[in-house]
1. Tell me, yes or no, whether the stretch 291-314 has at least one residue that is open to solvent by less than 40 Å² (accessible area, probe 1.4 Å), in a strand (DSSP E or B) and touching a residue at least 60 places away in the same chain (Cβ under 8 Å).
2. Quickly run through the stretch 314-358 and pick out the residues that are basic (Lys, Arg) and in contact with a Lys or Arg (Cβ under 7 Å, 6 or more places away or on another chain).
3. Restricting to the stretch 243-266, name every residue that is open to solvent by less than 10 Å² (accessible area, probe 1.4 Å), assigned to a loop (DSSP other than H, G, I, E, B) and not aromatic (Phe, Trp, Tyr).
4. Checking the conditions here, which among SER156, SER144, SER124 is among the hydroxyl-bearing types (Ser, Thr, Tyr) and over 12 Å from the mean Cα position of the chain (by Cα)?
5. Could we say that ALA419 is over 27 Å from ARG280 (Cα atoms), assigned to a helix (DSSP H, G or I) and at pLDDT below 90 here?
6. Anything in the stretch 338-365 that is under 21 Å from the mean Cα position of the chain (by Cα), farther than 14 Å from VAL161 by Cβ and at pLDDT below 95? List them, or say none.
7. From (1) in a helix (DSSP H, G or I); (2) within 24 Å of ASP330 (Cα to Cα); (3) among the hydrophobic types (A, V, I, L, M, F, W, C), pick out the condition that doesn't hold for LEU235.
8. Go through the stretch 103-130 and give me each residue that's part of a loop (DSSP other than H, G, I, E, B) and touching a residue at least 40 places away in the same chain (Cβ under 8 Å).
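The values are calculated or read from the model by the stated rules, or taken from the named source; none is laboratory data. Fair warning: this is a prediction, and the values are worked out from it, not measured in the lab. Neighbour counts are summed over all protein chains in view; Cβ atoms, including those assigned to glycine, are modelled from backbone coordinates with ideal geometry. Accessible surface areas use protein heavy atoms only, side chains included; no ligands, DNA or RNA. Shrake-Rupley method; radii C 1.70, N 1.55, O 1.52, S 1.80 Å.
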Amino acid sequence: MGLPGLRAAAWALRRACGPWTPHLGPRLLCLHPMAGNGEAPVPVGAKQEQDKKVRSGWQGPTRVWEETEQQAKKLKSSEDGEQQRKLPKRKIVLLMAYSGKGYHGMQRNVGSSKFKTIEDDLVSALVRSGCIPENHGEDMRKMSFQRCARTDKGVSAAGQVVSLKVWLIDDILEKINSHLPSHIRILGLKRVTGGFNSKNKCDARTYFYMLPTFAFAHKDHDLQDETYRLSAETLGRVNRLLACYKGTHNFHNFTSQKGPHEPSARRYILDMFCEEPFVREGMEFAVIKVKGQSFMTHQIRKMVGLVVAIIKGYAPESVLERCWGEAKVDVPKAPGLGLVLERVHFEKYNQRFGHDGLHEPLDWAREEAEVTAFKEQHIYPTIISTERQERSMAQWLSTLPMHDFSATAHAAAGLGTKAPSSLEGSDGVGDSD
């Protein structure tokens, strides 16, 4: 064969075997044993590469495509959750207002659906609005949740504050409120320090107790005389008695949970007074305000109840002084309907962090108009209408004659303690914590 023939044969071989590669040389044909059946011959280099992929677990483009599709579906299904997890989770406080009628207090009873609380509705709204994951609703410790005050059954609030960690989603207040009933509102939100605890950082709490003024009428008067109007003289006497609570005292007789020797029964009252009365729907009402560092269960209701019993003539004024002693005193508990948590105070926190350039002071001055509007729309009308329908104050007043306010004088004598004869100079105004 001449040179032209050799060149032609080489080109034919190159076309058949593929391009020349320096490390393998020309790709030689590897004929399959069944090549006679019409199967295409496989180049030797391709065969080796295919065997290598099989040994390494490679299963072809079909398998890769299937796995890619599954991953895409998984990513798509968790897209919202991934976006939420990327949002900043920060410690905040929420300013809450609510009407407590129909609720068994503020604090949630996990695992109990029989007694509905304010926090049940709040947690549900937080989950549904996307502020917290669902498992945080089941275990509130995961979001570092803490309430400033644990209000009792039927008690309302115009300025409750709770602290928690949430995802700071857009339009967060609007979204939370969209999942809450109209008688529960979130009125404000502020960023706080990471270790903030609304209960521990609270310096004081202010409550008010709204009651019809016929509660101060003498016991010989009609129990529910809606035409009764509180005189300036009686209002002055009410305020003189309320001032006796100011200062530090042993309030063990104003709760069922403490004994006379427990240090935690000593509480500090900063102020307590009754405002000028006002008329709503033909009935006169008055508001008693009290500010203290902290309060025990039923303490405020018993403080109001004892003053009412004294003003009406069922109990002597000396019973107030006896309450500070070790002897057990029968103190009546006023209805829960009129009690409202008005505001909570964070004075020490504000002094330290309120003007550091990173955090706002927790004073809620900008939300004051909304707080007032909520009281006018939901709290005051509920107290007035419920009092008219259920007559809770009138019914409670009818139970006062059953209390024996003099029995403890004998008990105190038996214990060797002397009961003071007057209140003069013993109101504890000068005491402080």
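1. Among the residues of the stretch 291-314, at least one is open to solvent by less than 40 Å² (accessible area, probe 1.4 Å), in a strand (DSSP E or B) and touching a residue at least 60 places away in the same chain (Cβ under 8 Å), which makes the answer yes.
2. LYS333
3. THR255, the sole residue that qualifies.
4. From the options SER156, SER144, SER124, the qualifying one is SER156.
5. It is false that ALA419 is over 27 Å from ARG280 (Cα atoms), assigned to a helix (DSSP H, G or I) and at pLDDT below 90.
6. Passing the criteria: HIS359, ALA365.
7. (2)
8. Listed by number, the residues that qualify are TYR103, HIS104, GLY105, MET106, GLN107, SER129, GLY130.
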